[in-house]
Each structure stands twice: as C-alpha cells, then as structure tokens.
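Enquirer: Quick one: the structure is below, questions incoming.
The values are calculated or read from the model by the stated rules, or taken from the named source; none is laboratory data. Because the structure is predicted, anything quoted here is derived from the model rather than measured. Ideal geometry is used to build each Cβ from the backbone, glycine not excepted, and the neighbour counts take in all protein chains shown.
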Ligand SMILES: *Cc1c(COP(=O)(O)O)cnc(C)c1O
C-alpha cells in the first residue's frame, strides 16, 4: 500500500478508479479488439472521434503510444519533428521517436511552454533537398505539462496551422490534458481538434481512468495506426473493460475538472499572497501549479521533503521548481491542508 498522504499532489495520474467506474468496467460488454470486435472499445473510439471533430479513433494503452503513433503517421525515418523544448514528446517519452521510428527532432524555447507562432514557423525547414533534414511535423502540447498547465491560445494554433499547411508540414496535438483546456476556456474540444491532423488525449490523467489514451485522425490514418499499434505491441484483446472506464470518465469526470482548477487557483492565491515571487494566480491556468523558487533560499528537493514531512506530496521539477497537480482525489480539505503547509513554509 502506498503511504497515506493528507494531500497527494504528485500527479493527476494517481487517481483511484471510483466505485461507480469499477462497476461500469465490470459490466462492460467485450470482444477481441485485435479483430475489431470489442463493442465498448468501438463505442469509446466513436465518441472521442466525434468530440474532437475527427473521422476515426484508436484506443491505446498509454499516451506515449498514442503520440508515437501520431508521429509515425506523419514523419518518415530521417525526417524531423519539431516541438518546444519542454514538450512531453521530446522530454518524457525516452527518445521513442528516434528509437522506434528513426525520427530526428529539433526544438524551440518557450516561456512556460506557451506557443508563439513565430517559433515553430521560424524553425520549420522544408524544400532544402538533399542538404538538410526536412520538417514533416509540428507537435503542440495543450495544456502544457512542464510549462505548468499552460493553455495554448487557439489563435496562435490557427496561425501555425495556416502557415505549416501551406508548407506541407503536418500538425499533431499532444492533448493529454486537452480536457482541462476545454473546461477552463469553454472552447469546444472539436475547435481545438480540427486544427490538427491527429490528436492524442489521455483518459488516465484528470479524467481518472486507470489506463488508456485515444488517438484521433482520418479513417485512413487510423487504419495505418492500427497496424503500427500491433507492431509496437499494443494490440489488446478484451480491452473494453478498460474502455468502459474511459466512457464512464467522459460522462462523469469532465465538467468536474473545473473543481480542480478552482482549488489550484485558491492555493496559488493564498501562497502568492505571502510569497509573490513564487506563484501568483495569473500563472495558474488549470490544475497544475508550478512554484518558482529562484528568488527564495529553498532548493526544490528540500521544500518537497519539508512538505512531505507534513503529509503533502509534491514533485521537484527542475533546478528551481516544485510542481503540484490537482485531481479527482484531492478535495477542499486536502487543498486547505496543502495551502496551510506551503503558506507556513514559504513565509519563513
Ligand atoms: C502523461 C502525458 C502523456 C502520456 O503519458 P503516458 O504516461 O505514456 O500515458 C503525454 N503527454 C503529456 C503532456 C502528458 O502529461
């Protein structure tokens, strides 16, 4: 058993499936999905494709696999993907695009991960013949994880889309937390989705499912992705048992993300009042709070340990930051407790 924390803000991947979710999983009709015969998986794929404004979808065991399939569809071996330097596809998928697909990459720097159209458009390189690596794909992450839950402006995405399309460069959205961007802004998921050739979304972050992600795109792309998913070892059999958790999450756990955002904002406001250099409400857009310790005497690991000793689990993110993530299993009481601890530690 993991240690019981007063508030576990390490990650939104930690959520325990609720009783109702487990019940939905137990009752799901299933079949062999490698043969396309699992009705619950088929229903999940249909629903997510529709929500994101795409033709078809493919259920995957992880978000990393959904991203890797998305990249594989658009980039030939020896071509490149470009993304910001904090992007999950470049930092947290262990070089999979290079190892599995022969894809090379370059990156641009982005303050808090925020997309500025001139950065990818300036970096993108096409038509240099046999002299330079050609850019085949731009990846955008929304919300941005290591950036601190940053929401990408739709106008910036549209600007990149228009110019890259003209240049014949595809776009993939790492939408692991696109649900959070949608709930925070009220912008329909499909308005984001339609700006990209393919989109990955996670069911196992804030939505609270134990496992699973979904890739969306055209029917032709999803047919090719299905082949590569099997090749990567991700063809699953009676997996409707997991897809049922995702369907339950879509019905019950999307709108409530607003509670996570409100709690993160409340924490940031209180902590910012005693330590304005560390965090401010204007820097918290969704469920992630990034504390900037550069103007304090705290090292991230020390602050994580001090909060941990008082029952609050957080994550040391880089040389100057501590990350806190709100989710289904952190309530108002947990938020109050975390606030009290951090106000106390940071006002010393
Ligand atoms: C969690 C996450 C993923 C996928 O991670 P898996 O652990 O492979 O499911 C992809 N992108 C972002 C931004 C993430 O936060």
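Enquirer: Residue 229 - would you say it is in contact with a helix residue (DSSP H, G or I) (Cβ under 8 Å, 6 or more places away or on another chain), away from the ligand (no atom under 16 Å from the Cβ) and part of a helix (DSSP H, G or I)?
Expert: no
Enquirer: Among residues belonging to region 49-71 that are part of a helix (DSSP H, G or I) and away from the ligand (no atom under 15 Å from the Cβ), point out the one that is nearest to residue 251 (Cα to Cα).
Expert: That would be 51.
Enquirer: Hey, could you check region 274-283 for residues that are within 26 Å of the chain's Cα centre (by Cα) and modelled with pLDDT of 95 or more and say which is surrounded by the fewest Cβ atoms within 10 Å (Cβ to Cβ)?
Expert: For region 274-283, the residue satisfying everything is 278.
Enquirer: Given (1) within 14 Å of the ligand (Cβ to nearest atom); (2) under 14 Å from residue 63 (Cα atoms); (3) touching a strand residue (DSSP E or B) at 6+ places or on another chain (Cβ under 8 Å); (4) not in a helix (DSSP H, G or I), where does residue 210 come up short, assuming only one miss?
Expert: (3)
Rundown of residues vs (1) under 17 Å from residue 44 (Cβ atoms); (2) surrounded by fewer than 23 Cβ atoms within 10 Å (Cβ to Cβ), yes/no style:
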site: 171; (1), (2): no, yes
site: 174; (1), (2): no, no
site: 186; (1), (2): no, yes
site: 192; (1), (2): no, no
site: 195; (1), (2): no, yes
site: 201; (1), (2): yes, no
site: 217; (1), (2): yes, no
site: 229; (1), (2): yes, no
site: 234; (1), (2): yes, yes
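Enquirer: With 268, 262 as the choices, which residue is surrounded by 20 or more Cβ atoms within 10 Å (Cβ to Cβ) and in a helix (DSSP H, G or I)?
Expert: 268
Enquirer: What residue, among those in region 302-330 that are surrounded by fewer than 19 Cβ atoms within 10 Å (Cβ to Cβ) and out of contact with any helix residue (DSSP H, G or I) (no Cβ under 8 Å at 6 or more places or on another chain), is nearest to residue 259 (Cα to Cα)?
Expert: 329
Enquirer: While we're looking at this one, here's another question. Report, ordered by the first and then the second residue, all pairs with beta carbons closer than 9 Å, sequence separation of six or more or different chains, a first member in region 174-187 that is over 22 Å from residue 90 (Cα atoms), and a second member that is away from the ligand (no atom under 15 Å from the Cβ) and assigned to a loop (DSSP other than H, G, I, E, B).
Expert: Cβ pairs passing all conditions: 182/188; 182/254; 183/254; 183/255; 183/256.
Enquirer: Shifting gears a bit: Only one residue in 200, 218 is within 16 Å of the ligand (Cβ to nearest atom) and under 30 Å from residue 138 (Cα atoms). Which one?
Expert: Testing whether each residue is within 16 Å of the ligand (Cβ to nearest atom) and under 30 Å from residue 138 (Cα atoms) leaves just 200.
Enquirer: Looking at 286, 335, 296 in this structure, which one is within 24 Å of the chain's Cα centre (by Cα) and assigned to a loop (DSSP other than H, G, I, E, B)?
Expert: So the residue among 286, 335, 296 that is within 24 Å of the chain's Cα centre (by Cα) and assigned to a loop (DSSP other than H, G, I, E, B) is 286.
Enquirer: Check whether at least one residue in region 141-156 is in contact with a strand residue (DSSP E or B) (Cβ under 8 Å, 6 or more places away or on another chain) and more than 16 Å from the ligand (Cβ to nearest atom), and report yes or no.
Expert: no
Enquirer: A follow-up question, please. Which is surrounded by fewer than 22 Cβ atoms within 10 Å (Cβ to Cβ) and over 30 Å from residue 246 (Cβ atoms), of 95, 78?
Expert: Step by step, each of 95, 78 is checked, and only 78 is surrounded by fewer than 22 Cβ atoms within 10 Å (Cβ to Cβ) and over 30 Å from residue 246 (Cβ atoms).
Enquirer: Another question, if that's okay. Return a yes/no flag: does region 73-92 have any residue that is touching a helix residue (DSSP H, G or I) at 6+ places or on another chain (Cβ under 8 Å), within 15 Å of the ligand (Cβ to nearest atom), part of a helix (DSSP H, G or I) and closer than 18 Å to residue 196 by Cβ.
Expert: yes
Enquirer: Hey, can you tell me all the residues within region 115-151 that are farther than 16 Å from residue 81 by Cα and surrounded by fewer than 16 Cβ atoms within 10 Å (Cβ to Cβ)?
Expert: 118, 129, 130, 131
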